[in-house]
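The structure appears right after this line, and notes come after that.
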Amino acid sequence: MSMPTAMPQAPIPQTTERENYLNTKYGVWSWLLTTDHKRIALLYLLSITFFFFIGGFFALLIRLELLTPAGDLVQADTYNKLFTMHGMVMIFFFLIPSIPAVLGNFLVPMMVGAKDLAFPRINLLSWYLYIIGGVMMLHCMLTGGVDTGWTFYAPFSTNFTNTKIVEAGLAIFVAGFSSILTGLNFVVTIHRMRAPGMTWSRLPLFIWAHYATSIIQLLGTPVVAVTIVLVAAERALHLGIFDPKLGGDPLLFQHLFWFYSHPAVYIMILPSMGVVTEIIACFARKRIFGYSFVAFSSIAIAVFGFLVWAHHMFVAGISVYSALVFSLLSYAVAVPSAVKVFNWTATLYKGSIHYDAPMLYAFGFLGLFTMGGLTGLFLSALGVNVHVHDTYFVIAHFHYIMVGGAVMGYLGGMHFWWPKISGRLYPEGWARLAALIVFIGFNLTFFPQFVLGYMGMPRRYYDYSHMPEFQVLNVLSTAGATVLGVGYLLPMAYFLWSMRYGKPASDNPWNAAGLEWKTASPPPTFNFEEEPEVTWEAYNYEELDAPHKEGVPVA
Amino acid sequence: MASRVDALYIFLLIVTGMMALLVFTLVIFFAARFRQRSGVSAEQIEGSTPLEIVWSTIPFLVFMVIFAWGAVVYFKARTPPTDATEVYVVAKQWMWKVEHAEGQREINELHVPVERDVKLIMTSQDVIHSFYIPAFRIKQDVLPGRYTVEWFRATKPGVYHLFCTQYCGTQHSGMIGNIVVMEPAQYEAWINGGSTGPLSATGEKIFAELGCVTCHRSDVQGRGPNLQGVFGKPVQLEDGRTVTADENYLRECILDPGAKRVKGFQPIMPTFQGLVTEEQVNALVAYIKSISAAKPGAKTNAGAAAPRNPGEDNIQAQAQPGSQVQ
């Protein structure tokens, strides 16, 4: 509340273009050898968008196949590869890097008031690792692909299928290191590079969410790497690890796999929660209700997230007692998620709510994430889990979290920070329309799948001609998927359009709090003209909206 | 089973429906009521610890109710009644092979009588499968290298879907079948028609053919343990542990005899891994169970008892083959 709070800002209406991170250098090498976190973020943006549309294309084929009960569009093996590749591409090459590697990369240094991440070269290395992994995955897909499902369950993956397990595994192994390095960079940056005055309790909640995410990336990803190595070892060298015929234990694989892959869900959703928190604060013009509870709930989710993996295994043959423990712990992890939803809701109370496109995505996130979370309560209830496990109920549930939640948040964040990233404004009307289309398309696609699941339709079935009763809901779902596809294409189109034709953005078009808005749009290479000093709390919207603005631009 | 699961499901629908309604109503109401108006600025609120405690504790308590209820349903689903009719299931890419204790075999079909507890003892020849009957709300993964168990009690005659729900390769979606629930009289006719004799009798034959009898003698203690009466009893192991001789233990002793050797016996038994099929292991297990079934007196009238609904503690599947041994 001290007087000179709004001082550091110096927005000047521009006629000639200022030097910024985009126009400072040109040429391919200035991008491929850059150590600027913002440029690396854009490299990631391009690459994950590419993989998103590949994964989306697979999804489209899956939905088309399921339009009719008979397996008539593709062959069984092709279908099995399609859902496998859809999962692998979307999870390892889109969702896990999505918000952290693009928005996180771009914003974490700026939000804490640093010039760059702690290890700029490691940051570039992480992108190259991602690309190497991605190229390996593409090569794997083009030369035959994999048909195990993204879960690689042994012993099917180790001794039965004759598809390219080792190659796909290596691709994920390499991409995993990219994820580890990003996490490492964030943890060190958040600990060591905060600007003077940027205390832990003044950090934007986006940073808290990324901190929690990074810890999971650091601690969890090595486990999946080890698991992949073990699969490769059993497959290539016939070491008995998972296959009982060789003296192994197939449940060991599931324990190892889910020990990473359950927390991985939080790698995808926590950053999205961080984005939504920023958006809600800005468009309600309010400090976040219960700041410290929202911050610590991120940490709680990261910690409890490591203790619930076996809830994927309630019918796998684990003991009744361990199932009880894991069910109980799953409810424990539901509490911090619920706390977040309640705090976001409470933040709206007595706000001054604007309906700009990012906020529409945040509303969409709230609705879809709540649905996803609540259906998680069904799955953690042991008795119900036995029935709906491995049915479309599960598919619907995790898409509500990982697409409804994570992708909604990602798109919301892209809209919110697009003026900062590109220096341009996107067309607001189109953006609101796209948000609406995505929300409707999403629900139309995935809500029917809850019903299908309770009716008993198993996942990973390409042919349900003996169960024609499932068709109506599948047709609805496929129709929804086409709507959803349009909703995803639209933002790509108008973002591209805006880069050339969009109106130039001011430094702070939303009048938002946070250090990233106190520098130019697009920001200069080292983010700030001079090192910022933070004397205000996070989300100081009261000061920003005060009628008498101290330190108003001089010009 | 189905009604127990459905009751919890409906409870969950109501509870989560109320939670969703609460959140959505508040969000929509706040969004409308506090939409931006000129001259009115947002009112800053720090937060409220009492509120945070309330909305952490109340959901947690509700969650605990769901947890406890779910646990009870699960516990019942996981604990087969001791007098259930036993059926062996062997899964392989991509079919379900079913063997009844009476000797009937079927593929991708399972005939069961109505209103009788049925326990499935399942294993896989290759990869992991999962035996799912949506109408009965039960599912259990079927693993290679061990037995897993599930049970149900069908309440209405009819034909129900059987699905494999653990992805198992190319024809995963073709690994489906029918559960045929029959009236008791019909079922008796079906189960006694054209079978090759009880499973345990097959097991006894294999037991002799493989030479098991030379060490595992039934009259005196041979070089291997006498197997009379061993099933279901605790066994002292060489390494000091005690295990219960259940189906999985018997299976392991056949395929990996050294792993849990009985106290006082030399490690001389060869492994039968690769020498016997899953079906033969099932038959051997069924045979060993049959010679543990009951006192000699009970055996003789067991055949007569089988058609009736056995209310006694003796397992019907064991009683039935008992009559064959003579």
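Just one of A:G149, A:G176 is within 18 Å of A:L95 (Cβ to Cβ) and part of a helix (DSSP H, G or I); which is it? Step through it out loud before you land on a result.
On the way: A:G149 fails: part of a helix (DSSP H, G or I).
On inspection, the qualifying residue turns out to be A:G176.
Kindly indicate the residue of the range A:45-92 that is closer than 19 Å to A:M408 by Cβ and of a type in the set (F, W, Y) and also surrounded by the fewest Cβ atoms within 10 Å (Cβ to Cβ) among those meeting that condition. Going through the qualifying residues, I end up with A:F53. A search for C-beta distances below 7 Å between a residue of the range B:92-103 that is touching a residue at least 24 places away in the same chain (Cβ under 8 Å) and farther than 10 Å from B:I191 by Cα and any residue that is buried (at least 19 other Cβ atoms within 10 Å of the Cβ) and of a type in the set (F, W, Y), counting only pairs 6+ apart in sequence or on different chains, returns B:E99/B:Y88. Do we have any residue at all in the range A:481-498 that's among the β-branched types (V, I, T) and in a loop (DSSP other than H, G, I, E, B)? No, that holds for no residue.
Going through (1) modelled with pLDDT of 95 or more; (2) touching a Phe, Trp or Tyr at 6+ places or on another chain (Cβ under 7 Å) one by one, A:P120 falls short only on (2). Applying the condition of being part of a strand (DSSP E or B) and facing another protein chain (nearest Cβ under 7 Å) to the range B:108-145 and asking which residue is farthest from B:V5 (Cα to Cα) yields B:P144. Looking across the range A:200-213, the residues that are surrounded by fewer than 24 Cβ atoms within 10 Å (Cβ to Cβ) and in contact (Cβ under 8 Å) with a residue 24 or more places away in the chain come down to A:S201, A:R202, A:L203. In this structure, B:Q166 does not qualify as at pLDDT 95 or above, under 24 Å from B:A7 (Cβ atoms) and buried (at least 24 other Cβ atoms within 10 Å of the Cβ).
Only a single item in (1) more than 14 Å from chain A (Cβ to nearest Cβ); (2) under 20 Å from B:I176 (Cβ atoms); (3) of a type in the set (A, V, I, L, M, F, W, C); (4) buried (at least 22 other Cβ atoms within 10 Å of the Cβ) is not met by B:A91, and it is number (1).
Out of the range A:436-453, which residues are crowded, with 20+ Cβ neighbours inside 10 Å, over 25 Å from A:P358 (Cβ atoms) and within 14 Å of another protein chain (Cβ to nearest Cβ)?
Here is the first cut: in the range A:436-453, the residues crowded, with 20+ Cβ neighbours inside 10 Å are A:438-439, A:441-442, A:445-446, A:448-450, A:452-453.
Still in the running and over 25 Å from A:P358 (Cβ atoms): A:448-450, A:452-453.
The answer is A:F450, A:L452, A:G453.
Total residues in the range B:202-217 satisfying the condition of being surrounded by fewer than 19 Cβ atoms within 10 Å (Cβ to Cβ) and either among the small types (G, A, S) or farther than 18 Å from B:E278 by Cβ (or both): the figure is 6.
Table: residues versus (1) more than 18 Å from A:A396 (Cα to Cα); (2) in contact with a helix residue (DSSP H, G or I) (Cβ under 7 Å, 6 or more places away or on another chain); (3) away from every other protein chain (no Cβ under 12 Å).
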residue: A:M457; (1), (2), (3): no, yes, no
residue: A:D463; (1), (2), (3): yes, yes, no
residue: A:T482; (1), (2), (3): no, no, yes
residue: A:L490; (1), (2), (3): yes, yes, yes
residue: A:A493; (1), (2), (3): yes, no, yes
residue: A:Y501; (1), (2), (3): yes, no, yes
residue: A:A505; (1), (2), (3): yes, yes, yes
residue: A:P524; (1), (2), (3): yes, no, yes
residue: A:T535; (1), (2), (3): yes, yes, yes
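When residues in the range A:342-370 are screened for being under 30 Å from A:V386 (Cβ atoms) and surrounded by fewer than 23 Cβ atoms within 10 Å (Cβ to Cβ), 1 of them pass. When the range A:344-354 is examined, which residues are found to be in contact with a Gly (Cβ under 9 Å, 6 or more places away or on another chain) and in a loop (DSSP other than H, G, I, E, B)? Matches in the range A:344-354: none.
For (1) at pLDDT 95 or above; (2) among the charged types (D, E, K, R); (3) closer than 21 Å to A:Y541 by Cβ, each residue gets a yes or a no:
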| residue | (1), (2), (3) |
| --- | --- |
| B:R4 | no, yes, no |
| B:L13 | yes, no, no |
| B:A32 | no, no, yes |
| B:V40 | no, no, yes |
| B:Q44 | no, no, yes |
| B:G47 | no, no, yes |
| B:L51 | no, no, yes |
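Which of the following residues is surrounded by 24 or more Cβ atoms within 10 Å (Cβ to Cβ) and either more than 14 Å from every other protein chain (Cβ to nearest Cβ) or modelled with pLDDT of 95 or more (or both): A:F173, A:F177, A:F186, A:F152? Of A:F173, A:F177, A:F186, A:F152, the one residue that is surrounded by 24 or more Cβ atoms within 10 Å (Cβ to Cβ) and either more than 14 Å from every other protein chain (Cβ to nearest Cβ) or modelled with pLDDT of 95 or more (or both) is A:F186.
Of the helices (runs of 4 or more DSSP H) lying entirely inside the range A:373-435, those containing at least 1 residues that are of a type in the set (V, I, T) and within 14 Å of chain B (Cβ to nearest Cβ) are A:382-388, A:392-399. Between B:I138, B:I107, B:I133, B:I121, the distinction of being closer than 17 Å to B:L199 by Cβ and buried (at least 19 other Cβ atoms within 10 Å of the Cβ) belongs to B:I121 only.
If I ask for residues that are surrounded by fewer than 17 Cβ atoms within 10 Å (Cβ to Cβ) and facing chain A (nearest Cβ under 10 Å), which ones from the range B:66-88 would you list? Show your work before the answer.
Of the residues in the range B:66-88, the ones surrounded by fewer than 17 Cβ atoms within 10 Å (Cβ to Cβ) are B:68, B:72, B:75-76, B:79, B:81-82.
Within the range B:66-88, B:A68, B:V72, B:F75, B:K76, B:T79 qualify.
Among the residues that make up the range A:355-368, is at least one of them in contact with a Ser or Thr (Cβ under 9 Å, 6 or more places away or on another chain), within 9 Å of chain B (Cβ to nearest Cβ), part of a helix (DSSP H, G or I) and modelled with pLDDT of 95 or more? Checking the range A:355-368: at least one residue is in contact with a Ser or Thr (Cβ under 9 Å, 6 or more places away or on another chain), within 9 Å of chain B (Cβ to nearest Cβ), part of a helix (DSSP H, G or I) and modelled with pLDDT of 95 or more. Among the residues of the range B:33-49, is there at least one that is facing chain A (nearest Cβ under 7 Å), part of a strand (DSSP E or B) and among the aliphatic types (A, V, I, L, M)? Scanning the range B:33-49, I find at least one residue that is facing chain A (nearest Cβ under 7 Å), part of a strand (DSSP E or B) and among the aliphatic types (A, V, I, L, M), so the answer is yes.
Rundown of residues vs (1) touching a residue at least 60 places away in the same chain (Cβ under 8 Å); (2) in contact with a Lys or Arg (Cβ under 8 Å, 6 or more places away or on another chain); (3) assigned to a helix (DSSP H, G or I), yes/no style:
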position	(1), (2), (3)
A:A264	yes, no, yes
A:E278	yes, no, yes
A:A302	yes, no, yes
A:V315	yes, yes, no
A:L324	no, no, yes
A:S330	no, no, yes
A:S337	no, no, yes
A:F342	no, no, yes
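The rows are residues; the columns are (1) buried (at least 24 other Cβ atoms within 10 Å of the Cβ); (2) under 23 Å from A:L379 (Cα atoms); (3) touching a strand residue (DSSP E or B) at 6+ places or on another chain (Cβ under 6 Å).
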position	(1), (2), (3)
A:H262	no, yes, no
A:L270	yes, yes, no
A:G274	yes, no, no
A:T277	yes, no, no
A:A284	yes, no, yes
A:F289	yes, no, no
A:S298	yes, yes, no
A:V303	no, yes, no
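Scanning the range A:242-289 for residues being within 30 Å of B:R146 (Cβ to Cβ) and more than 13 Å from chain B (Cβ to nearest Cβ) gives a total of 10. Applying the criterion of being over 27 Å from the mean Cα position of the chain (by Cα) and within 14 Å of chain B (Cβ to nearest Cβ) to the residues of the range A:228-241, the residue that is nearest to A:T161 (Cα to Cα) is A:R235.
The values are calculated or read from the model by the stated rules, or taken from the named source; none is laboratory data. Just so it is clear, the structure is predicted and the values come from calculations on it, not from any experiment. So basically every Cβ, Gly included, is an ideal-geometry build from the backbone, and we count neighbours across all protein chains shown.
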